Structures are given as structure tokens and as C-alpha cells.
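J.: Below you will find the structure I want to go over with you.
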Amino acid sequence: MSASATVRVVQPQADERIYVTQPHLAPLREFIPYLEKIWDSKVLTNGGPFHHQLEKALCEYLGVQHLALFANGTLALVTALQALRITGEVITTPYSFVATAHSLLWNGIKPVFVDVDPDTLNLDPAKIEAAITPQTTAIMPVHCYGHPCDVDAIQKIADNYNLRVIYDAAHAFGVQSEAGSVLQHGDLSVLSFHATKVFNTFEGGAIICPDAKTKQRIDHLKNFGFVDEVTVVASGINGKMSEINAAFGMLQLQHIDAALARRKEIDAMYRELLRDVPGIRCLPGVGEKTSNHAYFPILVEADYPIGRDALYQKFRDNEIHARRYFYPLISDFPMYRGLPSAHRDNLPVAADAALKVLCLPIYPALSNENIERIADIVAGEVRISAPLEACMR
Ligand code: T4K
């Protein structure tokens, strides 16, 4: 037997791997009638019937007044800033996906990073005022992991300084506080319907706005600025959602409640299984009446036997692809790190969280068996280290 034949590396099948998320897809057969309608009508895009239906259906489902669909959340963020004619400096969080700050750069706006609250990891309202300058025109907070920001405190500051508020609500589909949808706050909120999100249309996004006039401006901006065949009122972009994505969204909406219910069960299971694991802190829900359980972040604290990156690697060795959302901080990427507000001393809480956080897999198809296996890997490190510590004593 040759040497190479003795060493058999068994590559796990793709379906044996567990990722941080897996898209929830309605059964394919249910989508066929939607496709047939598109094939019959030949309307593929530019505000067709499914686009209209989905905007209406999402307003009803989310409990909001006006919603404009987009091809993705990033284009929606870029357009939201255009819609309110934001310029100068915008206060935002370093603890998010890069698209948040990139949308500012795409508009020639300077991001000013402000630290986050240690309990919510959302923009800390107590630190916003110190970052306001004569150039500040707006605040762009993120409802990180779908947990609502302190919307009242942020609005109070915005009112005092005459600033606009655009929420990056990419994670906050369906989240409700006591006062209703979290998407009703600020001047605009932006959703993402990316494959990795709680509600997905493959790619997609939306801007939620409070009045019909703003919605009309947004609708112009996402369609090159066209009002009619011969009238262009703004230097708009092509940000429209296609009919195929909108049709899929209509179908996905029929299954969303079941998907959210399963996420809730998984969240509860993790919390129970990890409750007594020393050094592991599960981020609590904050102020939400209805959560969407979009992510399951744990913070690996100093009293856990191994570091966050070692636990991340341990998972990978077991073909479990947990993710360090959000490490590195946005403020550490090359296009931001030169900004005065990007300095670590200005962002101690965010910097600490970025080194501790690990998002565990959470998606409706995740089995109870795998949830237990994942929690067991976390708890296992404590079991391994306990006898060792006893020997050392
Ligand atoms: N603002 C915030 C706060 C955001 O989090 C995001 C997006 C945006 C704005 C921008 O919205 P969009 O323009 O994307 O609509 C992912 C997503 O690509 C990104 O949408 C999301 N945030 C971010 C938090 O996560 P990656 O680089 O982690 O994606 P990826 O491809 O590594 O996917 C993660 C895992 O999901 C994969 O390991 C497997 C699974 N997956 C992924 C895709 C794309 C699938 O099973 N199927 C798939 O099709 O960024």
C-alpha cells in the first residue's frame, strides 16, 4: 500500500457543516405559480405588480405606514442619506457590518464613530453629544442583532441639535417594542432582506418612511430620478427590487411566523444550556416586546478557560462555522482608521466586545441535536479545564 493511500483525509460534506446561518426558503414547488405569473406578464422589474404587493404586505406585516423596496440594504442606506440630503458629518457606531459606514463614504459624508453601550452594544446615547460639531447633520445608529437602540434618548439629542436620525435596521425585521414596530423611530429606517437575514428575498432591502412625500422622493431616487418618460428630478440610482425577488418575498411572508417561532425556541435552548457556563455571557434582549432572534451572540469573558479565537477555532475543527460579528470594528478598516474618532481610546467598549463576541449558529432548520452539540462544545472547555485546575492547586 502506498503512503498516500494510508492517509485518508475525510473532507466533510457541505451539508455536514453548520454555518452561522442558513437561509429559510419556502418550498420550491410553492414558488412555481409565482414564476408562471411573471413569465405570463413579462413584467420583470420597474415597479411591477409583485413589487406593489410586497410593499403593501410588508407595511401591514411590520405595522409601518410607508415602505420602499430596494435591491439590497446597502443601496437603501445610500439612498436614505440622499433622500434627506445629508452632508457633512454623521455620528455612527463602529460595531456593525461595514455597509453602515460605507453608505456614508458613498455619499461623501464623514463618519464620526461613537462608542457603544456595554449591555446592548448599540450606540451609547450618553456619548453622542460630545461628538457633535457644527458639521454634524445626522445620527445613524444600528439596532445591532435586532435589539432596539435607546430610541427615546437618541431622538431627544436629535431634537435638541436639529439632527436627522436614520436607523440602520438591517437586523430588526419584525422587532416590536411596547410602542409598536421599532422601525417607526427616527426619520427613516433601513432593512436588509439579504440571504443571511431573518426575512430574505435572496437579496433585498427597504426604506421605511413616515409620509407619502418622502416615499415619493425615495421612489424617484431608486429609479434614476425618473418621474415620467421625459422628467428626471434627481441624480438617482438604480436601486429597484426585481419582480422575482418581490414575488419570492410574498411567498416568504407566508412562512415567516413559523421561522420566527423556531428562532425563539433555539434562542431559549441556547440560553438554558449556556446559563451556568462560567465566562460565557449571552447578550440579553433589551426593551423589545417581540424579538426576532436574528443572531445569537455570546461574549467570551476573561474567566472562560480559553480565549474567543480559540473557541472559534474549536468550532471550526468541528465543522461549525460560528462568526465573530463584528470583528474587526469598522473603525479598524483601512478607509476609516485614520479618522480621529476611530482611535481605540475613543471606543473602548466596542473594542472590547469585538474581541469577545462569537455569534453561534441560529436558523430555523438547526436541529435540537446540533444546538446541544454546539452548547456542549462551549461547556466542554470548562469541564476539560476543571480537573486540570484541581491538579494545579
Ligand atoms: N447594515 C447592517 C447592520 C448589516 O448587517 C448589513 C448586512 C447591511 C447593512 C447591508 O445589507 P445588504 O446590502 O447585505 O442587504 C453577511 C451578509 O452578506 C450581510 O448581508 C450581513 N449584513 C452581514 C452581517 O453578514 P458575510 O460576509 O458574513 O456573509 P457570508 O457570505 O459569509 O454568509 C454567512 C453564512 O451564511 C455563510 O457562512 C453561509 C450562510 N449563507 C450565506 C449566503 C450568502 C448561506 O447559507 N447562503 C447564502 O446564500 O456577510
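J.: Could you identify the single residue in Phe50, Phe31 that is surrounded by 12 or more Cβ atoms within 10 Å (Cβ to Cβ), at pLDDT 95 or above and either in contact with a Gly (Cβ under 9 Å, 6 or more places away or on another chain) or small (Gly, Ala, Ser) (or both)?
T.: From the options Phe50, Phe31, the qualifying one is Phe50.
J.: Name the residue that is surrounded by the fewest Cβ atoms within 10 Å (Cβ to Cβ), counting only residues in region 333-345 that are charged (D, E, K, R) and more than 21 Å from Thr120 (Cβ to Cβ).
T.: Pass one, region 333-345, residues charged (D, E, K, R): 337, 344-345.
Those still in the list that are more than 21 Å from Thr120 (Cβ to Cβ) too: 337, 345.
Working: Arg337: 14, Asp345: 6.
It comes out as Asp345.
J.: If the requirement is being away from the ligand (no atom under 16 Å from the Cβ), among the small types (Gly, Ala, Ser), in contact with a strand residue (DSSP E or B) (Cβ under 8 Å, 6 or more places away or on another chain) and in the same structural domain as Val165 (by TED's automatic domain parsing), which of these qualifies: Ala234, Ala212?
T.: From the options Ala234, Ala212, the qualifying one is Ala212.
J.: Within region 173-244, which strands (runs of 3 or more DSSP E) (wholly inside it) include 2 or more residues that are out of contact with any His (no Cβ under 8 Å at 6 or more places or on another chain)?
T.: Of the strands (runs of 3 or more DSSP E) lying wholly inside region 173-244, those with at least 2 residues that are out of contact with any His (no Cβ under 8 Å at 6 or more places or on another chain) span 188-192, 205-209.
J.: Also, I was wondering about something else. When Asn292 is evaluated against the numbered criteria (1) more than 18 Å from the chain's Cα centre (by Cα); (2) within 16 Å of the ligand (Cβ to nearest atom); (3) of a type outside the set (A, V, I, L, M), which criterion, by number, is the only one it fails?
T.: (1)
Per-residue answers, yes or no, for (1) at pLDDT 95 or above; (2) over 30 Å from Val114 (Cβ atoms):
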| residue | (1), (2) |
| --- | --- |
| Lys314 | yes, yes |
| Arg337 | yes, no |
| Ile371 | yes, yes |
| Ile384 | no, yes |
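J.: Would you confirm, using the coordinates I've provided, whether Thr45 is in contact with a strand residue (DSSP E or B) (Cβ under 6 Å, 6 or more places away or on another chain) and either outside the structural domain of Ala354 (by TED's automatic domain parsing) or among the charged types (D, E, K, R) (or both)?
T.: The answer is no for Thr45.
J.: Name, by its number, the condition in (1) over 18 Å from Val142 (Cα atoms); (2) surrounded by 22 or more Cβ atoms within 10 Å (Cβ to Cβ); (3) within 16 Å of the ligand (Cβ to nearest atom) that does not hold for Ala247.
T.: Among (1) over 18 Å from Val142 (Cα atoms); (2) surrounded by 22 or more Cβ atoms within 10 Å (Cβ to Cβ); (3) within 16 Å of the ligand (Cβ to nearest atom), Ala247 violates only (3).
J.: Mind checking whether some residue in region 250-265 is over 30 Å from Gln53 (Cα atoms) and either assigned to a helix (DSSP H, G or I) or touching a residue at least 24 places away in the same chain (Cβ under 8 Å) (or both)?
T.: Yes, region 250-265 has at least one match.
J.: Name every residue in region 15-24 that is part of a loop (DSSP other than H, G, I, E, B) and crowded, with 18+ Cβ neighbours inside 10 Å, in order of residue number.
T.: Val20, Thr21, His24
J.: Another question about this same structure. Please list, ordered by first then second residue, the pairs with beta carbon atoms under 9 Å, 6 or more apart or interchain, first in region 60-75 and not assigned by TED's automatic domain parsing to the domain that holds Thr201, second buried (at least 19 other Cβ atoms within 10 Å of the Cβ) and of a type in the set (Lys, Arg).
T.: Here the result reads none, with nothing in region 60-75 linked to a residue that is buried (at least 19 other Cβ atoms within 10 Å of the Cβ) and of a type in the set (Lys, Arg).
J.: Let me ask something else. Which of (1) touching a residue at least 40 places away in the same chain (Cβ under 8 Å); (2) more than 24 Å from Glu60 (Cβ to Cβ); (3) within 16 Å of the ligand (Cβ to nearest atom) is the odd one out, the single condition Arg308 does not satisfy?
T.: Just one mismatch for Arg308, condition (3).
J.: Among the candidates Val175, Val112, which residue alone is within 23 Å of Pro297 (Cβ to Cβ) and among the hydrophobic types (A, V, I, L, M, F, W, C)? Quick ask: steps written out before the conclusion?
T.: Numbers: Val112 fails: within 23 Å of Pro297 (Cβ to Cβ).
After ruling out the rest, the residue left standing is Val175.
J.: Next question. Within the set of pairs 6+ apart or on separate chains, which have a first residue in region 143-171 that is touching a residue at least 24 places away in the same chain (Cβ under 8 Å), a second that is surrounded by fewer than 20 Cβ atoms within 10 Å (Cβ to Cβ) and part of a strand (DSSP E or B), and C-beta atoms under 6 Å apart?
T.: Pro148/Ser177
J.: Among the residues that make up region 264-277, is at least one of them modelled with pLDDT of 95 or more, within 16 Å of the ligand (Cβ to nearest atom), surrounded by 13 or more Cβ atoms within 10 Å (Cβ to Cβ) and not polar (S, T, N, Q)?
T.: yes
J.: For region 132-154, which positions are crowded, with 18+ Cβ neighbours inside 10 Å and not in a loop (DSSP other than H, G, I, E, B)?
T.: Once the filter is applied, which keeps residues that are crowded, with 18+ Cβ neighbours inside 10 Å and not in a loop (DSSP other than H, G, I, E, B), region 132-154 yields Thr136, Thr137, Ala138, Ile139, Met140, Val142, Cys144, Tyr145, Gly146, Val151, Ile154.
J.: Moving to a separate point now. I'd like to know if region 281-299 contains one or more residues that are free of Cβ contacts under 8 Å to residues at least 60 places away in the same chain and surrounded by 18 or more Cβ atoms within 10 Å (Cβ to Cβ).
T.: Looking through region 281-299, at least one residue is free of Cβ contacts under 8 Å to residues at least 60 places away in the same chain and surrounded by 18 or more Cβ atoms within 10 Å (Cβ to Cβ).
The values are calculated or read from the model by the stated rules, or taken from the named source; none is laboratory data. As the structure is a prediction and not an experimental result, all values here were calculated from the model. As a convention, Cβ positions derive from the backbone with ideal geometry for all residues, glycine included, and neighbour counts pool all protein chains shown.
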